[in-house]
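To start, the structure itself, in structure tokens.
The values are calculated or read from the model by the stated rules, or taken from the named source; none is laboratory data. Since the structure is predicted, the reported quantities are computational estimates derived from the model, not experimental observations. For neighbour counting, all protein chains shown are included, and Cβ atoms are generated from backbone atoms with ideal geometry for every residue, glycine included. To get the accessible areas, we keep the full protein, side chains included, count just its heavy atoms, and leave off ligands, DNA and RNA. Shrake-Rupley method; radii C 1.70, N 1.55, O 1.52, S 1.80 Å.
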Amino acid sequence: MTHENLLLEIAIRNGLLLDAAGFVGLGLAGLAAVRLSTRHGSWGGTMIALGVIGLLAARMQVFLTPHVLTRELVQVIGPAGLALSFGTTQILLCFGLTLVVWGIWGHHRWMNGETKAFGGAIRIPRRRASGR
Amino acid sequence: MQKFLDGWVGWGRGARDGQKMMCKGSDTLHKSSLTEVGAEGGAGHYANPYHFPVAGRGVRGFGKTVHAMMIPPVIGMVSVRPVFWILMAICLVLFAWRLCRSSGPWTARLLMAGAVLLGLGYGVLLPLAEAGVIRPSSAPGATDSQLAWQAVRTLVMNVGWLLLGAGLACHARCFSAVCQSTPNALPPRHDPREPAA
């Protein structure tokens, strides 16, 4: 089976364009989360930002592992390090998604005045923005 | 990817092979050499769920048996993870729907498009790939079906994150300096910690 379609080669087999789209989207989500948390003082925004950081770290690990984890390094770190490497990616993916979803929920609740920051344990100073 | 597969079989895009190696409670993982992978037609790491990225049999000093104790306990719950993804997908769509009610029309469209795409990806495609119903692969020997599923999965996940991120950025008004939308009809901002005036 020959692939002569350039778009197929670039977009799907190498995955460059779509992976870049995913990175850009996660970066936008992180930017929005930081802005939400600083503007409204919402803890949901902070959780979204943490989740986005986790997802980005997992993506970076997935993309960098083929270049970093060579055969020699595998012999050095052994099976435990290998399992740890797989496990770190999985933990980052799962927890990142959880934090993003939980943060969206928390931000909505925060904007409706249904929660306080960390159960009211801390008080985030309000930052007054000029206009809406 | 091919260079990678040469010495390191079994780490797929999205890292779902790492969990394949831990399923079915097998203590002794599959000991396969690279020739067996080639015999499976290039996509052997999807066909063989126990494929563990151990280099050939001649590698000295690297045990081919990975004991279950070495795997972190949270990762061991392999059968729980698709359920978890499905729950997260449903929650994501619901919470994005709630968030849309306090945002403008195009922001709501971006958010919902991203959330629905991500919900499809996390709620349908990833569990199906986990169950082995679909086998997305972009390995050099992949069939048309595998390639198409790979295209669908990559497209859905990445474009979903792009749209959701753009929607969140519009919701947070990150682009308000560039494109100021029409004066919106939203109520003024209200700090829940202060009593209503």
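Summed over segment B:97-112, residues that are open to solvent by less than 40 Å² (accessible area, probe 1.4 Å) and part of a helix (DSSP H, G or I) total 6. Can you give me the number of residues within segment A:45-72 that are surrounded by fewer than 19 Cβ atoms within 10 Å (Cβ to Cβ) and small (Gly, Ala, Ser)? The number of residues fulfilling the criteria is 1. Of all residues in segment A:73-97, those being open to solvent by less than 30 Å² (accessible area, probe 1.4 Å) and over 22 Å from the mean Cα position of the chain (by Cα) number 5. Among residues of segment B:86-112 that are basic (Lys, Arg), those with a Cβ under 6 angstrom from a residue that is surrounded by 17 or more Cβ atoms within 10 Å (Cβ to Cβ), sequence gap 6+ or separate chain, pair up as B:Arg98/A:His108.
Restricting to segment A:96-109, and then to whatever is of a type outside the set (Val, Ile, Thr) and under 18 Å from B:Gly160 (Cα atoms), can you tell me which residue is nearest to the other protein chains (Cβ to nearest Cβ)? So the residue we want is A:Leu97.
Given the criteria open to solvent by 40 Å² or more (accessible area, probe 1.4 Å), within 19 Å of A:Trp102 (Cβ to Cβ) and either assigned to a helix (DSSP H, G or I) or among the basic types (Lys, Arg) (or both), does A:Leu26 qualify? Here the answer is no, as A:Leu26 does not meet what is asked.
Among the residues of segment A:98-114 satisfying the criterion of being among the β-branched types (Val, Ile, Thr) and buried (at least 19 other Cβ atoms within 10 Å of the Cβ), which is farthest from B:Met88 (Cα to Cα)?
Just the residues of segment A:98-114 that are among the β-branched types (Val, Ile, Thr), to begin with: A:98, A:100-101, A:104.
Remaining after also requiring buried (at least 19 other Cβ atoms within 10 Å of the Cβ): A:100-101, A:104.
Details: A:Val100: 10, A:Val101: 7, A:Ile104: 12 Å.
Only one residue fits best here, namely A:Ile104.
Considering only segment A:32-44, how many residues are buried (at least 18 other Cβ atoms within 10 Å of the Cβ) and facing chain B (nearest Cβ under 10 Å)? So that I can check it myself, show each step before the final result.
Initially, segment A:32-44 is screened for residues buried (at least 18 other Cβ atoms within 10 Å of the Cβ), giving A:32-33, A:35-37, A:40-44.
In the following step, the residues that additionally are facing chain B (nearest Cβ under 10 Å) were identified as A:32-33, A:35-37, A:40-42, A:44.
Number satisfying all stated conditions: 9.
Listed here are the residues, each with its yes/no results for (1) of a type in the set (Lys, Arg); (2) within 11 Å of another protein chain (Cβ to nearest Cβ); (3) surrounded by fewer than 23 Cβ atoms within 10 Å (Cβ to Cβ).
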{"site": "B:Leu128", "(1), (2), (3)": "no, no, yes"}
{"site": "B:Gly141", "(1), (2), (3)": "no, yes, yes"}
{"site": "B:Val156", "(1), (2), (3)": "no, yes, yes"}
{"site": "B:Leu162", "(1), (2), (3)": "no, yes, no"}
